[in-house]
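Contents: one structure, followed by commentary.
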Amino acid sequence: MTTPPAIDGQQLVEQALPAIPLLDMNAMTDELGASLDALWQEVTTSGCFVGGPFVEQFEAAWAAYCERRYAVGVGNGTDALVLALRALGIGPGDEVIVPANTFVATVASVVATGAEPRFVDVDDATLLMTADAVEAACTSRTAAVIAVHLYGQPVDMDAIAALAARWGFAVVEDAAQAHGARWAGRRVGSLSDVACFSFYPGKNLGAFGDAGAVVTEDQQLATLVRSLADHGRPADDKHLHHVAGCNSRLDAIQAGVLLAKLPLLDAWNERRRLVAAAYRDALGDTSLRPLAASPAAESVYHQFVVRTSRRDTLRERLAQQGIATGVHYPVPCHQQLAFAAYAHEPLPVCERAAREIVSLPMYPHLWPDGIERVCDALRRVAVELEREDDGDTSMQPGRGVEVGGG
Ligand SMILES: *Cc1c(COP(=O)(O)O)cnc(C)c1O
């Protein structure tokens, strides 16, 4: 007979609690309720599955939400970036400045146009691109800068705009993680020549599949993006092809889902901010350091990121309590094999951060149920880590000393 492993009372209580995921999309879907059945019915009987009234309605609504004139629905966020860059005329011989701390799609979109990505390091407090780094990387070949509002926090777009005026490059926003965020009171999406959104299911505004949009104030640019995304056709003749385009159009069903969710986006972002405030409060001045929030930025907290030299231990101990975490991203883009040809120098802030960052559970419906449990666990682990750093190993779990008060 084998002896069952000893389980203490604390563990039993914890095992009975439901796991807290990094992201829970089901509560968002539940909030839409029966409107989804009506939508499904309407789209399936309309016979109009790509483009059409739902797509047009969503494009108008999304442009208005972003405080811009034009929004063009496309297949996904990566295509939005590629199409925006192509419409700006960017291609071989051009350089496009990108932060090394971003999702790889930002960089891959530049490579897809034939232009060269030029990596810059990020600010140590926010892990976002800075105007100083951009200026240092500018050359006569700099055609554009992609400002990535990573984790939901906007880049200082006033500083980037001032540089753009001086150097003459185009400014692109990668707003795939920042739907509804504001910089100095203005919406993300309205802070550049052209902004790109992803509506991948896990984003703050997510479809039930892949979807994206390009947002701009420039009518010609919007028309060109629409044409490029539709086999290079002009709007008024389906048998003419003026440019070699691609197929990256928005589906009616996705536009319908996005239209249904859009009225809830601000309230969902507000809940994310409440979760973030609770985290900041719980972490206080422990060794788990949240990223800084710039006073001019109204973040929508796509992720809530903390830094610690004990990253793996933190993740393990939270996992033991049923709390999931993530890392966005463990390998900076300039250290990815795919982009080795464009990595010319070390980017120390980025590289160090990649070893220290942890993304905590973040989704609207974590507030109010669930947030206290994560905060309690964080406080408890923070105290453990502090004691262990002070050399008092008697507090480590598994050494016969009970940890925390429950
Ligand atoms: C998700 C994401 C993209 C790509 O969007 P897809 O819809 O997945 O193609 C681009 N940039 C950033 C920062 C993202 O988070």
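The values are calculated or read from the model by the stated rules, or taken from the named source; none is laboratory data. Quick caveat, the model's predicted, so the values are computed rather than measured. Accessible surface is based on the protein model in full, side chains and every heavy atom, while ligands, DNA and RNA are left aside. Shrake-Rupley method; radii C 1.70, N 1.55, O 1.52, S 1.80 Å.
Quick one: accessible surface of Phe208, probe radius 1.4 Å, all protein chains present, in square angstrom to the nearest 10.
About 100 Å², rounded to the nearest 10.
Scaled to the compact-protein estimate 2.2 N^0.38 Å, what is the alpha-carbon radius of gyration of the stretch 109-166, rounded to two decimal places?
1.13
Just the Cα atoms of the stretch 75-214: what Rg and Dmax do they give in Å?
Here Rg and the maximum Cα pair distance are 13.6, 42 Å.
For the stretch 179-261, place one equal point scatterer on every Cα, skip the solvent, and apply the Debye formula. What is log10 of I(q)/I(0) at q = 0.19, 0.25, 0.27 Å⁻¹?
After summing over all Cα pairs, the log10 values are -0.95, -1.19, -1.22.
Using the reciprocal of the averaged 1/r over all distinct C-alpha pairs, how large is the Kirkwood radius of the stretch 349-391 in Å?
Hydrodynamic radius (Kirkwood, Cα only) of the stretch 349-391 equals 12.5 Å.
Would you report the distance distribution of C-alpha pairs in the stretch 66-156 as whole percents per 5 angstrom bin, up to the bin with the largest distance?
Binned Cα distances yield the sequence 3, 14, 24, 23, 21, 12, 4.
Taking the Cα atoms only, what angle lies between the long axis of helix 35-46 and the longest principal axis of the chain, rounded to 10 degrees?
Its long axis makes an angle of about 30 degrees.
Using the Cα atoms of the stretch 10-144 to build a convex hull, what is its mean projected area in square nanometres?
14.0
What figure in square angstrom, to the nearest 10, would you give for the accessible area of Trp367 with a 1.4 Å probe?
It works out to around 80 Å².
Rank these residues by their accessible area, most exposed first, probe 1.4 Å: His365, His149, His231, His344.
So, going from the largest accessible area down, we get His344, His231, His365, His149.
Per Stokes-Einstein, at 37 °C and 0.692 mPa s, what whole-number D in µm² s⁻¹ belongs to the stretch 221-350, with the Kirkwood radius over Cα pairs as the hydrodynamic radius?
It diffuses with D of about 166 µm²/s by this estimate.
Provide, in order from the shortest bin, the percent of all Cα-Cα pairs of the chain in each 20 Å bin, continuing until the bin that contains the maximum pair distance.
Percent of pairs per bin, in order: 26, 52, 20, 2.
Give me the 1.4 Å probe accessible area per residue for the stretch 256-310, excluding ligands and nucleic acids, in Å². Intermediate results must be reported in sequence, preceding the final value.
On the way: 2080 Å² over 55 residues.
With all protein chains present, the stretch 256-310 gives 38 Å² per residue.
In a Debye calculation with equal point scatterers on the alpha-carbon sites of the stretch 238-313 and no solvent, what is log10 I(q)/I(0) at q = 0.20 Å⁻¹?
So the normalised log intensities work out to -0.95.
Quantify, in whole percent, the carbon and sulfur part of the accessible surface of the stretch 89-220 (1.4 Å probe; protein heavy atoms only).
C and S atoms contribute 49 percent here.
So for the stretch 243-287, considering every pair of alpha-carbon atoms, how many percent are separated by more than 18 Å? Don't jump to the answer; show the numbers that get you there.
Numbers: 592 of 990 pairs.
The proportion of pairs with Cα distances above 18 Å equals 60 percent.
Quick one: how many Å² of Arg380 are accessible to a 1.4 Å probe, rounded to 10?
Near enough 40 Å² of accessible area.
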